[in-house]
Each structure stands twice: as structure tokens, then as C-alpha cells.
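Have a look at the structure below, then the notes.
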Amino acid sequence: MIGPGIKRGTAELAVLSVLEGGALHGYEMARRIEQQTKGALRFTLAALYPMLYRMEQRGWIRGAWETSSNGRRRRCYRLTPAGRKKLSPLRKEWSELFEALRRLTKVTHA
Amino acid sequence: MRDWQEFVQSKLAGLRLAPGEKAEVIEELAAHLQEAYEKLCGRGMAEELAMQKAMLQVPDWNALQGHIHAAKKREDEMPNRVRQLWFPGFLTLTLSTTLLMILQKQGWQPRIIPSNGLGLMLFYVPWLAVLPLFGALGAYLSLRAGGSTRAMLFSGVFPVLTLVACFFVIVPFSLVIDRSVALHFKIEGFLNVLIGWVLVPGAALLAGALPVQILHPRKVDSYRVSGS
């Protein structure tokens with residue numbers, strides 16, 4: 001299980017990545033992240049929405065109300081061009097960090 | 001079955017956002033809890049248990065309220081500061097500097113006033129005469145953007161504040177580096193600059209900014225309330 005510190009750092013990357021596939025509302029976003037990370041990353045409502053609002057303020061994502069086929073109103077978020085631009089270096093940064101940690105632990109165990 | 005909208009509304013009663021924005025947050029969070037609850041019920045969980053489990057998504061509503069407020073407002077503060085402080089301040093600075101340059105290019109001569117023990121002081125009278133207008137403009141723009149009294153005054157006298165900043169860099173530097181001029185001449189020169197380029201223009205700018213602040217204090221408060 002990944003600890004809370006690392007989770008916080010990766011949360012923005014997770015949201016941006018999952019939104020790359022298309023617009024999603026908060027609940028669906030949390031469900032997909034949990035599903036795609038096999039439960040390693042879990043977002044509760046309390047953790048998810050302040051982050052979404054912060055990312056929206058930064059201009060990385062944009063929320064808009066949409067009505068689903070069953071008549072329910074949902075606020076769906078989609079990536080903005082700024083968010084798309086942010087995703088690539090963020091991915092690289094985290095990939096480098098995980099690669100470095102992988103190398104380090106490998107050396108330590110050798 | 002619980003009315004999630006009502007439940008979230010009661011929990012976020014103290015959320016300090018504009019009414020429309022707050023209603024949107026409540027609707028969104030209620031929809032999330034509703035969906036979580038329905039999914040749990042759909043998996044065969046008892047309604048009461050599903051409700052409790054959905055509510056576990058928020059262990060501390062007060063903390064969530066604070067986090068939402070911070071997330072929604074934190075980024076707003078910067079543009080506010082730009083609109084209320086930096087933009088009017090830099091505009092006042094640009095206008096006053098440009099006017100002074102134009103006057104100098106047009107061949108306007110400064111009024112030279114000899115002062116006992118302080119050497120000569122230079123005053124560009126037309127420039128000083130227009131400065132209250134710039135001070136008033138800076139203060140008014142800050143007021144219009146919802147600036148506080150301090151922000152209004154700061155914006156109004158911004159040009160001389162930059163000079164004060166330069167002054168405090170140049171004085172110690174000059175005292176240490178330039179040893180070719182006697183100390184008492186240097187001090188006289190600095191006092192001349194201080195009076196002629198900081199105190200007198202500052203008073204002129206303030207003469208324009210203060211009336212704006214005095215005439216519109218209530219308006220400032222109402223802007224601040226609506227912005228909070």
C-alpha cells in the first residue's frame with residue numbers, strides 16, 4: 001500500500017491522467033483511478049474535491065454541469081490545454097523518481 | 001433514504017463562498033455521496049449501512065469546509081492583489097515617469113531652490129501639479145478593484161515608494177564605494193533627493209489619493225464583503 005505522502009504527490013498526476021481519456025465527474029474519476037491502480041490509489045470525497053477545485057483554479061481542468069441520460073446533473077471535468085501541457089512533464093518527473101527509487105532499492109538489495 | 005443535498009448543506013453551512021458557488025459545491029458533493037450510496041446499495045448492502053459507509057468519505061466536515069475554501073480562494077488572491085495593488089501602482093509609476101520624461105524633453109527647467117545647509121533642491125512644478133491626479137487615479141483603480149484602504153494609499157504613492165527603495169540601495173552603496181566626494185556633500189545631496197524626489201512628490205500623490213479614500217470608504221467595505 002502506498003503511503004499518504006506519496007499519494008498526495010501523485011494525486012494530481014492521477015487526475016490529469018484519468019481525464020486524458022475524456023470528461024468525467026468526480027465520482028467516476030475516483031472509481032476509475034481506484035480501478036486502474038488496482039486499489040493502490042483511493043480518493044475519498046474529502047480528498048478529491050479540494051484538489052479538483054485547486055486544479056480548476058490553476059486552469060489545468062475545467063468543470064461544467066452536464067445532464068446525464070437519466071436526467072441527473074453532474075459536474076464533469078475535462079483537461080484544458082494548460083492541463084494537457086502540465087501532464088507531460090509531470091509524468092516524466094514521476095517516472096524519473098520511480099525509476100531512481102527502483103534502481104536504489106535494487107542496489108540496496110544486491 | 002437520506003436527502004443528500006440537505007445533508008451536505010447542513011454540514012457545509014459555514015462554507016464562506018458566494019451563494020451561487022456554494023450551491024454548486026453542495027450539489028456536486030451531494031451527487032457524489034448519492035452515487036456512492038446507490039452503488040453500495042446496488043451491491044446488496046443494507047440501506048443504513050450503505051449510508052454510513054458513504055458518509056465515511058468525509059471524516060471531518062469542518063476540515064473539508066476549510067480545504068474547499070482554501071482551494072477556491074487561494075488562487076483568487078493573487079489576481080486580486082494584482083488588480084488592487086500592483087496594476088494601479090505600476091500605472092501611477094508609469095504615468096508619472098512618462099510625464100516627467102516628456103517635460104524634460106520639452107525643455108522644461110526645474111525650479112531651483114537654494115536651501116540653507118542642504119544645497120540646491122530641484123522641483124519640476126508642472127510635474128508636481130499633475131501628480132495629485134495620478135495619485136487619485138491609482139487610488140481609484142485600487143478602490144474599483146476592491147482594494148483596502150492600505151492598498152489604495154499604496155497604489156496612489158507607489159512612484160515615490162520605488163524611489164525610496166532605490167534611495168536605500170544607492171545611499172549605503174555610495175557611502176561605501178564612492179570616496180571621492182566628502183561625506184557632508186553626500187549627505188546634503190541625499191537630503192536634497194529625499195525632499196525633492198520623495199517627500200514633496202509623495203505629498204502631492206497623497207493629496208490626490210487621500211480624497212478618494214475619504215470620499216469612498218463605504219464603497220471599499222462593500223467591495224471587501226462581496227469579495228470575501
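Readers should treat all values here as calculations from the given coordinates under stated rules, not as data from a laboratory. Bear in mind that the values here come from a model prediction, so they are computed numbers and not experimental data. Cβ placement follows ideal geometry from the backbone for every residue including glycine, while neighbour counts extend to all protein chains displayed.
The table that follows gives values for the structure above.
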{"quantity": "Residue, surrounded by the fewest Cβ atoms within 10 Å (Cβ to Cβ), within region A:16-59, restricted to residues that are within 11 Å of chain B (Cβ to nearest Cβ) and within 10 Å of A:ARG78 (Cα to Cα)", "calculated": "A:GLU56"}
{"quantity": "Contacts under 9 angstrom Cβ, first residue in region B:12-24 being closer than 24 Å to A:ARG72 by Cα, partner in a helix (DSSP H, G or I) and aromatic (Phe, Trp, Tyr), 6 or more apart", "calculated": "B:LEU12/B:TRP61"}
{"quantity": "Breaking point among (1) within 10 Å of another protein chain (Cβ to nearest Cβ); (2) surrounded by fewer than 20 Cβ atoms within 10 Å (Cβ to Cβ); (3) part of a helix (DSSP H, G or I); (4) not polar (S, T, N, Q), for B:GLU6", "calculated": "(1)"}
{"quantity": "Residue list for region B:51-75, filter: surrounded by 18 or more Cβ atoms within 10 Å (Cβ to Cβ), over 15 Å from A:LEU45 (Cβ atoms) and more than 8 Å from chain A (Cβ to nearest Cβ)", "calculated": "B:HIS69"}
{"quantity": "Top-ranked residue in region A:24-43 [being assigned to a loop (DSSP other than H, G, I, E, B) and of a type outside the set (A, V, I, L, M, F, W, C); ranked as nearest to B:HIS32 (Cα to Cα)]", "calculated": "A:ARG42"}
{"quantity": "Tally, over region A:20-47, of residues that are closer than 23 Å to B:GLU21 by Cα and under 9 Å from the mean Cα position of the chain (by Cα)", "calculated": "2"}
{"quantity": "Pairs with Cβ under 6 Å, 6+ apart, first in region B:154-178 and farther than 22 Å from B:PRO132 by Cα, second assigned to a helix (DSSP H, G or I) and hydrophobic (A, V, I, L, M, F, W, C)", "calculated": "B:VAL171/B:PHE190"}
{"quantity": "Hits in region B:24-49 - residues which are farther than 15 Å from B:ASP3 by Cβ and more than 9 Å from chain A (Cβ to nearest Cβ)", "calculated": "B:LEU40, B:CYS41, B:GLY42, B:ARG43, B:GLY44, B:MET45, B:ALA46, B:GLU48, B:LEU49"}
